Each structure stands twice: as structure tokens, then as C-alpha cells.
């Protein structure tokens, strides 16, 4: 079996960079590169920008931040690269970092370049060419959760990542921080959602469940499946928001994207991974499986589920604000304001016990 290659497209004009400068920089830091790279852009991702660099003898992936206003702690490319380099010896699914650049004379922004995994990335629908039946899909799903649990068991001291954390109080910091980000991202017509913010503040657990490495954006479209075995995950991508924090917050963030077959049509329209197909675990089953395999108490998971949706709502609204201010022209962002309003309503429905 061959990989279902993740498609790329020509680089959008507003996302273009000086290829010759990047090429010269990379040849100073990576031995053996031949020719001039053909550069295309991965269409996925609404935050940082990702490009494929095809040299005559090697393929590389470049990551950089978008132009325009950024949240204070977001889009730190060099931090992401440092986390990945430190984590890779303990968690082999991390791509190898090959070069980092903080020289503004190259493309005016920090960037890094990493290895490209040869494998498949699942997007909205499950490719028939993978030939997965219901039992295969279930094994794929549980393997996906197992890789998250494995990450949560990485020894942070041995990995040299303890400094990423700020100690006890991760949940409280997240509730406070994302609430402030939400208020700062407001645009004309946005839902203030002060009732949701108040509920999160009142219902947050008094203590963190644990302190571990968390990915903070763990989804099927951020993992790479082996070309010769689509049930085996060989890579985990997009470590921008990785930190030391509470593992149930990480799971809650993942479930914000987990659209299942019986969800309402609006939520179905948001689906960007094949979590609806026969064999996939439901959100309730994911929570139960994670609790059983991790040993953590998931009996009162409602707070984490609501917070995960709320955080996604903030991210969507931040992107929409950039669009509304004319800092990006991508037409796909035009509906993000409506999407953020829907997420607020979904949070309320979960709080009211209306969503199973």
C-alpha cells in the first residue's frame, strides 16, 4: 500500500516568501541539498502556515507564522521547534528539526524546517483506498487515543521540558487566559458569552489532575499513518500549543473536534476528520477508554468538554477577527464569526445537559 499523499497547492500570494533566500539559508545548515526547491503550500491549518519544499533529492517541510496581528503567546515558531527537539527522544512520533531561523533578513519572520514523514494524513473523509473495515477503524481509533496517553506518560524531567510548566494551577490559568483572549477577540455582532465564562470559572476543578506534556491540538489531521500500515501512527504534527498541563484538558480539546454521526447538521458541517464513520468511538466511549487506559478519573468530564469547545470558539473568533480587520483574505474565514456563535450555543447546550 502507498501513502495517500496530503495535497498541496500553489502558494497564496499573501503567504509567499523569498525562496532564494530560504534556499541559501537551508544549504548553509542542511548538508547535501540539491537544486532549487519547488515550493507549494499545505491547505490545512488556519493558524501557522506550512509549506512543502521539494528538492531534487529530498522533501522538507517549512513552518512559519502568518502575517498580521497575533495573540501574545501564539505563533512562536522557535519555541515550537525547541519543544519538538526536546520531546523527540522520548516520543519518537515527533518530526526531526533540521534547521531554525531567527534572522529577519531571510523572510522577516522566524521559521523552522523539519523532516517530512512518508505517510497518510486523514482529513474530512476516510479514503476508500485505505481499505479499512469497521474493526480496522476501531483499532485506528483506539491507537489514536493510545498515542495521546503515551504522550501524557512522557517523563518531563528526562525530556528536559519541566521548564515549560508553571506548576499547579494550570486549569485556573487556562480558564482565566482564554476568557481574556475571548474578550479581546470580540467583533461587531459576536456573542459575549459571559454566561459561559462565568460557568467555567465557577465549575473549574480545584486542582489539576496531573502535570504532563500535552499536545493541545491532538486531532486525526495532525497525525501521520504509515504508508504500509494505515493502522500505525508514525508521526504527530503541529506542536505549536504543546506545554506542560492537565491531561484531561488535552482530551477535552481533542473532543471539541470529535463530530460523530448523530450530531446536529451544523456541527456536522464543521467536521474535518472522519470521526463519524462506523467503528469510530463516540465521545462518551473515547472518554471511557481514556479513563480506563490512563487510570485517571473521568466521571465528571463535563467541565473539560465545555472548556475544549470554548477554547475552540476563541481560536475561531481570533481567526475571524483577523479576517474582519483585513489581515487575511482567505475566503474560508468569512463564516468563522457564525461558527464562533454556534460554538457558544453548543457550550450552553452541554451545560444544560442537552447534548449526549
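Across the chain, the mean sequence separation of Cα contacts (distance under 8 Å, 6 or more residues apart), normalised by length, yields a relative contact order of 18 percent.
Which whole-number percent of Cα pairs in the stretch 186-256 have a distance greater than 14 Å?
Working: 1791 of 2485 pairs.
Value for the stretch 186-256: 72 percent of Cα pairs lie more than 14 Å apart.
Modelled this way, with points 7 Å down the Cα-to-C-beta line, the labels at residue 229 and residue 13 are 4.8 nm from one another.
Counting only DSSP H runs of at least 4 residues, each contributing -39500 (n - 2.57), and dividing by the residue count of the chain, the helix-based mean residue ellipticity at 222 nm comes to -12000 deg cm²/dmol. Exposure proxy shown here: for 144, 17, the number of other Cβ atoms within 10 Å sets the order, fewest to most, as 17, 144.
The angle separating the long axis of helix 194-203 from the principal Cα axis of greatest extent in the chain is about 80 degrees. Largest first, the extents of the alpha carbon coordinates of the stretch 35-169 on the three principal axes equal 52, 45, 31 Å. From most to least packed by mean Cβ count within 10 Å, the peptides 234-244, 83-93, 249-259 give 249-259, 234-244, 83-93.
Compared with the dominant principal axis of the Cα atoms in the chain, helix 77-87 is inclined by about 80°.
Each label point was placed 7 Å from the Cα along the Cα-to-Cβ direction; for residue 38 and residue 104 their separation is 3.5 nm. If the viscosity is 0.890 mPa s and the temperature 25 °C, what translational diffusion coefficient in µm²/s does Stokes-Einstein give for the stretch 260-356 when Rh comes from Kirkwood over Cα pairs? The Stokes-Einstein estimate is 163 µm²/s. Compared with the alpha-carbon gap, the fully stretched path from residue 269 to residue 88 is longer by 61.7 nm at 0.36 nm per residue. Here the stretch 128-351 is treated as a sphere whose radius is the Kirkwood value from Cα pairs; by Stokes-Einstein at 37 °C and 0.692 mPa s it diffuses with a coefficient of 178 µm²/s.
A short reminder: the numbers here are calculations on the coordinates, not readings from a lab. Please read all numbers here as calculations on a predicted model, not as lab measurements. Here Cβ is always computed from backbone atoms with ideal geometry, including for glycine, and neighbour counts include all displayed protein chains.
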